[in-house]
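Before any comments, here is the structure.
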Amino acid sequence: MTVIMEIAQSIREEEAVLLASRTHLATRDNLKPRHIDVRDSDQVRLWCRTFGTTPYQLCRAIDRGGSSDASVVKRLLLRR
């Protein structure tokens, strides 16, 4: 019976670790601004890493979309 209890405890611990990592990822994503400011080089680097693109491609997508909203830019970049 103790073996079953130990297995159950280890499963609970693993679930707690997974839940904590998911929570960390969710809060990290919430820290990103919703609009992309191309005048801020730190934001441009962040969004280029996020979208896997170059600063030039990022600026062109913002120009084509007429909006610096991150979700609009992401959709435009996925079309390429």
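Derivation of every value follows stated rules applied to the coordinates shown; laboratory data play no part. Values in this document were obtained by computation on a predicted structure and should not be read as measured data. Counting neighbours? That spans all protein chains shown, and the Cβs are built from the backbone with ideal geometry, glycine included.
Descending by average beta-carbon neighbour count within 10 Å, the peptides 57-64, 4-11 line up as 57-64, 4-11, the highest first.
Subtract the Cα-Cα distance of His35 and Lys74 from 0.36 nm times their separation in residues, and report this length gain in nm to one decimal.
Going from the current span to full extension adds 12.9 nm.
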